[in-house]
Every structure is written in C-alpha cells, then in structure tokens.
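The values are calculated or read from the model by the stated rules, or taken from the named source; none is laboratory data. Here the structure is a predicted model, which is why all the values come from computation and not from measurement. Cβ placement follows ideal geometry from the backbone for every residue including glycine, while neighbour counts extend to all protein chains displayed.
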Amino acid sequence: MNGLYELADRARREKLPFLVVGGHAVILYHVPRFTRDIDLLIPESAATAWLEFLQKFRYRVYHQTEAFIQLEPFEPGTLPPVDLMLVDAGTWAKLEAKAVEREAGGDLRLPVPHVWHLIAMKLAAAQSIQRRKEASDWPDVLHLVRVCQIDLANPDFRSMVMQYGGKEALRRLEKEAS
C-alpha cells in the first residue's frame, strides 16, 4: 500500500476529495487480499484537479469514460495504476456523509465508504457485463459480510442487496455468508 499512502497523504495536503474503494478499501476493513491498483472514488467536479495532481507523480491517462479515468505511470513498474471513479455531487454527498476513517498503519487513516456502500459497489460491479470473470467482487462481498458481522436479517441491508444485486445475490449471501 506504499503507493497509496504517499498519494493519499499528498492528496489530503492539497485538499483533494476522495474515498478509497476497491481492493484497498476491502483490505482496510481487515479482509486479507491482494490488489495491484489504487481505486479512488471522487466527485466529478474534482476530476481536473485530480488529473493535474497525478501528473505530478508522472501518471498518464490510458482509458477514460464518463464514469472512470484509468491512469498508469509513464515508467511501468514504478507506481501502481490508479483508477478514478467519478460520481455526481449528490452521490458524493451521500457516500461522504457515511464514510469512515480506517487505520492504514502508523498515523495514517484513510477515508473509505461505509461497509454497506462498499458492498453495494461490489454488488453492482459483479452485475456488470463488462466485469472480468476473475474479478474478486463476490469473495469481497462475502468476506466483508463475515468480517464486519453484518446481520443478513436486517431489512435495510436486505433492501440494499436487492437494489444492487437482485434476488440471486440475496439468496447467494444467505447461503454462502452464514
């Protein structure tokens, strides 16, 4: 996570808004797993500032859509790839309001989405037809439910799972996470 630590520390000093998502967020919830890239969720209004910031670290954009910007270092192997997930102001406000700071080692604490929001993102990603088959979204969801001791009977949680993953996701959680 060294690349993440340095980027996060400098981004905070420059007052850039972000939440750590993806594999590093899962790790910060004490789920052991490997991840290579750094996934950050940012408000779309901060995209230009983030791109300028990452250029200082010698990153370049290699893929961009309305919702994502993927960057890689100019010199391969020097830094991990960075994926920026862009959200509108309303979504950012909701996610940031419930975000939590998780200990990342030493004095560093990093902002991550509330575990339910992280699970919702993982469920939505698992549903995506563009998602790689080897992606670890389902194992991440199952581990987060177990490690964070989420009550599968909670009606609000069940509703969230139905919204982002559907009936099959709820059935699978009941079967595999118990």
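Points worth noting:
- The residue that is surrounded by the fewest Cβ atoms within 10 Å (Cβ to Cβ), among those in the stretch 73-97 that are in contact with a Pro (Cβ under 7 Å, 6 or more places away or on another chain) and modelled with pLDDT of 95 or more, is Ala89.
- When Gly22 is tested against (1) surrounded by fewer than 13 Cβ atoms within 10 Å (Cβ to Cβ); (2) under 22 Å from Val147 (Cα atoms), just one condition goes unmet, and that condition is (1).
- Glu174 being loosely packed, with under 12 Cβ neighbours inside 10 Å, of a type outside the set (A, V, I, L, M), out of contact with any strand residue (DSSP E or B) (no Cβ under 7 Å at 6 or more places or on another chain) and part of a helix (DSSP H, G or I): no
- Glu134 being in the same structural domain as Ala11 (by TED's automatic domain parsing), loosely packed, with under 13 Cβ neighbours inside 10 Å, modelled with pLDDT under 95 and at negative phi: no
- Selection of the stretch 31-48 for residues being of a type in the set (A, V, I, L, M, F, W, C), over 28 Å from His143 (Cβ atoms) and buried (at least 16 other Cβ atoms within 10 Å of the Cβ) yields only Ala46.
- Residue under evaluation Leu152, criteria (1) modelled with pLDDT of 95 or more; (2) in a loop (DSSP other than H, G, I, E, B); (3) of a type in the set (A, V, I, L, M); (4) in the same structural domain as Ser45 (by TED's automatic domain parsing), criterion not met: (4)
- Leading residue by the ranking (surrounded by the fewest Cβ atoms within 10 Å (Cβ to Cβ)) among those in the stretch 104-120 that are over 13 Å from the mean Cα position of the chain (by Cα) and touching a residue at least 12 places away in the same chain (Cβ under 8 Å): Gly105
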